[in-house]
Amino acid sequence: EWLIPLAQRVEMVHGDHEEAPLGLTEALIALAESLDDHMLKEEQVLFPMMRAGGHPMITHPIGAMRAEHDEADRLMAEVKRLTANLTLPVGACRSWTALYTGLAKFADDLTAHVALENNVLFARFEAA
C-alpha cells in the first residue's frame with residue numbers, strides 16, 4: 001500500500017518529465033482493489049472449502065480465482081508498460097528509485113503467489 005502514495009508523489013513531482021509514469025497511481029489503485037477483493041474471496045469461500053477437504057463445487061471458485069489471477073497479470077502488465085518495464089530514467093531521485101524497486105519486488109511476489117496457487121494449490125483440488 002505504500003507504493004500508491006509514492007507513485008502519487010513521483011507523478012506529481014516529475015509529471016513534466018518525458019519518462020514520468022503518468023497513470024501509474026490509477027493502475028496501482030485498480031490492482032490493489034482487485035487483489036483485495038481476490039483475497040477476501042479466497043479467505044471467505046475457497047480456503048474454507050479446501051480446509052474441509054474439498055467440495056464437489058470447488059472447481060467454480062478455483063476457476064474464478066484463476067480468472068482473477070489473469071486479471072492481476074493484465075494489471076501488472078499495464079504497470080510495467082507505464083514504467084517502461086520498471087526502467088528508471090538517468091538521474092532518477094530516491095523516491096522514483098524506491099518506487100520502482102518496490103514495484104519490482106511486488107511483481108516478483110505476485111508472480112510467485114499466482115504460480116503457487118495455480119500450479120500447486122489449485123491443482124490438488126482440481127484433480128480430486
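Out of all Cα-Cα pairs in the chain, roughly what percent, to the nearest whole number, are more than 21 Å apart?
46 percent
Report the relative contact order of the chain, percent, no decimals, based on alpha-carbon pairs under 8 angstrom and at least 6 residues apart.
The normalised contact order for the chain reaches 32 percent.
Once every DSSP H run of n ≥ 4 in the chain is given -39500 (n - 2.57) and the sum is divided by its residues, what mean residue ellipticity at 222 nm do you get, rounded to the nearest 500 deg cm²/dmol?
-22000 deg cm²/dmol
Which one of M57, M76, M39 has the biggest mean-square fluctuation once the chain is modelled by GNM with Cα springs under 10 Å?
Most flexible of the set in this elastic network: M57.
Any idea how far the Cα center of segment 35-105 sits from the one of segment 1-32, in Å?
Segment 35-105 and segment 1-32 have Cα centres separated by 18 Å.
Could you size up the charge dipole of the chain around its Cα centre, putting +1 on the beta carbon of Lys and Arg and -1 on that of Asp and Glu, and report it in debye to the nearest 20?
So the dipole magnitude of the chain works out to roughly 340 debye.
So what's the convex hull volume per residue for the Cα atoms of segment 32-104, in Å³?
92 Å³
Based on alpha-carbon atoms only, what is the radius of gyration of segment 72-126 relative to the globular estimate 2.2 N^0.38 Å?
Normalised Rg, Cα atoms only: 1.44.
So what's the projected area for segment 1-53, the Cα convex hull averaged over all directions, in nm²?
4.3 nm²
Using R₀ = 35 Å, calculate the FRET efficiency as 1/(1 + (r/R₀)^6) where r is the Cβ-Cβ separation of D16 and R51; round to 0.05.
0.10
Coordinate-derived values only; no laboratory data. On a predicted model such as this, the values are computed, not experimentally measured, just so you know. For neighbour counting, all protein chains shown are included, and Cβ atoms are generated from backbone atoms with ideal geometry for every residue, glycine included.
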